[in-house]
Amino acid sequence: MSWPIVTLDSIKADVPYSFVGGPFGSNLTSKHYVDDGVPVIRGQNLGGPECFDESGFVFVTPEKADQLRPNLAFRGDVLFTQRGTLGQVGLIPRSSKYDRYVVSQSQMKLTVDATKADARYVYQYFRLESTIQVILNRTITAGVPHINLRILKSFEIPLPPLPAQRAIAEVAQAYDDLIATNQRRIALLEDAARRLYREWFVHMRFPGHESVKVKDGVPDGWLPLTLGDVCDAVGGGTPSTTRPEYWGGDVVWVTPTDVTRNDCIALLDSEKRITQAGLSNSSAKLVPRETILMTSRASIGYFALMDKPACTNQGFISVLPKRLNSRMFLLFNLLSRVDEMISLATGATFKEISKKTFRSLPVLWPAADPLKSFEDRVYPLIQQVRLIKKQNQQLVQARDVLLPKLMSGQLDVSGIAMPRAVHTDGVPLPC
């Protein structure tokens, strides 16, 4: 079967300001922002794992929002990025915190005619990689790359009957719900590890602490050392970009965006690859799996525990423990010291913490027993995080293969079973 193809403009609601962009020019600037009131939707509120991120809002007064009535968005509206990270899309849920929002200058919104289309279906269609690619192909490159309302209104979308749209949206939502549940479980596991670190090594309530003598704040058997005493700090490098034979090989090459956009401590892979020749002819160093990768330049203090051997560009310090059973302690010690490292960063163009400064940082090194006990307790949590993240990757892949076939009419949604939670070894998933 195949569905009729319609323009977005043809499914807008028959109400004023149903398909609009943000305010023009000086109608909305930072001088209008206040501490509370009506929230302004910006790019950071779109494009994440949830359909709409209600954190990090700036606000305008209710009176200013009244003046911007043509640029307001409401529950059930679909949101698009006009400039910035093109391809971002969002959907204001029916359970949103606020009953109205202001669309920023970099966003556009569509109020869908509910008798013609399901807003959830439209939102899911614009999340497809194929749809995002069409948007990027239509980008106006003069000045700041952008699309405009005219381009968006003429955008075509397959439109099944409403019951099929709703069913397709429900299938997509089932995948999204499982993915979101897994993300919450990952956050809980990481939080449990952080809390255990604070309990044992900040509050000094490690196992057996009652019987350990403490002198000048240092438990017996613990040592005041530096990071250089307990780990190697390795820099990265970039092969020449003018040498195609250095690129596209089998060596994993990590850049800061791989880590800053990562959603947890565990980093499974990077899409970027270099060749053995590229590795040999650059300052990049191949480090083993389980190396702690720390961004050290510009965005300082993002961490990842790499799941495979890899090398990095210059924006990293790769941390390799010298002592047994210390990887987890080092990781969570460093995670607790990001502000300290940022304060020590220097540089005119961008801030960077040097390897020399990093190595000189003091660390109170625990005795062997609490160090091993922490490793034994926390490393299995990281392994669980990895398993859950791998399952999320599989869910995303399955969803992104299935939805285009449903939306094109290639598959009948009535024959599709909803995705179900499954059990991964050691990681029971919610039912």
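Assorted remarks:
- Relative contact order of the range 316-376, defined on C-alpha pairs under 8 angstrom at six or more residues apart (%): 42 percent
- Each 20 Å bin from zero holds the following percent of Cα-Cα pairs in the chain: 21, 47, 29, 3.
- When only the Cβ of Lys, Arg, Asp and Glu is charged (+1, +1, -1, -1), the dipole of the range 160-263 relative to its Cα centre reaches about 300 debye.
- Charge-dipole axis of the range 223-365 as Lys and Arg at +1 and Asp and Glu at -1 on Cβ define it, positive-most pick from 309, 244, 348: 348
- Helical mean residue ellipticity (222 nm; -39500 (n - 2.57) per DSSP H run of 4+; nearest 500) of the chain: -10000 deg cm²/dmol
- Rounded to the nearest whole Hz, the Karplus-based 3J(HN,Hα) values (6.51 cos²θ - 1.76 cosθ + 1.60, θ = phi - 60°) of the range 162-168 follow the sequence 3, x, 5, 4, 5, 5, 4, with x at glycine and proline.
- Which of 141, 121, 85, positive extreme of dipole for the range 5-159 (C-beta unit charges): 141
- 30 Å Cα-Cα reach of residue 390 towards lysines, excluding residues that sit fewer than 8 places from it in its own chain: 272, 285, 308, 322, 372, 405
- 5 angstrom amide H check on residue 89, placed H, neighbours 5+ away: 47
- Couplings 3J(HN,Hα) of the range 77-83, computed from phi: 7, 9, 10, 9, 8, 8, 9 Hz, in residue order, whole Hz [Karplus 6.51 cos²θ - 1.76 cosθ + 1.60, θ = phi - 60°; x for Gly and Pro].
- Global form of the range 299-341, assessed from the alpha-carbon gyration tensor, a/c cut-off 1.5: oblate
- Between the range 227-241 and the range 357-390, the alpha-carbon center distance in angstrom: 20 Å
- Cα gyration tensor, the range 172-233 - rounded (a/c under 1.5), prolate or oblate: oblate
- Extension gain, residue 344 to residue 149, is 65.6 nm, computed as 0.36 nm per intervening residue step minus the present C-alpha separation.
- Relative contact order (percent, whole number), the range 223-365, Cα cutoff 8 Å, 6+ residue spacing: 34 percent
- 3J(HN,Hα) couplings calculated from phi for the range 382-392 with the Karplus curve 6.51 cos²θ - 1.76 cosθ + 1.60 (θ = phi - 60°) are, in sequence order, 5, 5, 5, 4, 4, 4, 5, 5, 4, 5, 4 Hz; Gly and Pro show x.
- Between residue 130 and residue 191, the modelled label-to-label distance comes to 3.9 nm, taking each label 7 Å out from Cα in the direction of the beta carbon.
- Multiplying the residue separation of residue 61 and residue 283 by 0.36 nm and subtracting their alpha-carbon distance yields 74.6 nm.
- Only Cα pairs under 8 Å and 6+ residues apart enter the sum, and on that basis the relative contact order of the chain stands at 16 percent.
- Cα Rg, Dmax (largest Cα-Cα span) when computed across the range 1-157, Å: 15.0, 53
- Cα shape, the range 276-375, gyration tensor, a/c 1.5 rule: oblate
- Amide H contacts under 5 Å for residue 19: 111, restricted to partners 5 or more places along the chain or on a different chain, H placed in the peptide plane at 1.01 Å from N.
- A full extension of the chain between residue 240 and residue 299 corresponds to an added length of 18.9 nm, given 0.36 nm per residue minus the alpha carbon distance.
- Residues 375, 340 in ascending order of nearby Cβ atoms (within 10 Å, fewest first): 340, 375.
- Amide H contacts of residue 104 (H built 1.01 Å from N, in plane; Pro and chain starts excluded): 41 sit under 5 Å, all sequence-distant by 5 or more or on other chains.
- The ranking of 374, 303 from fewest to most other beta carbons within 10 Å of each one's beta carbon is 303, 374.
Read the figures in this text as sums done on the coordinates, not as results from a lab. Keep in mind that this is a model prediction, so the values were computed, not measured. Cβ sites come from the backbone with ideal geometry, for glycine too, and all protein chains shown count toward neighbours.
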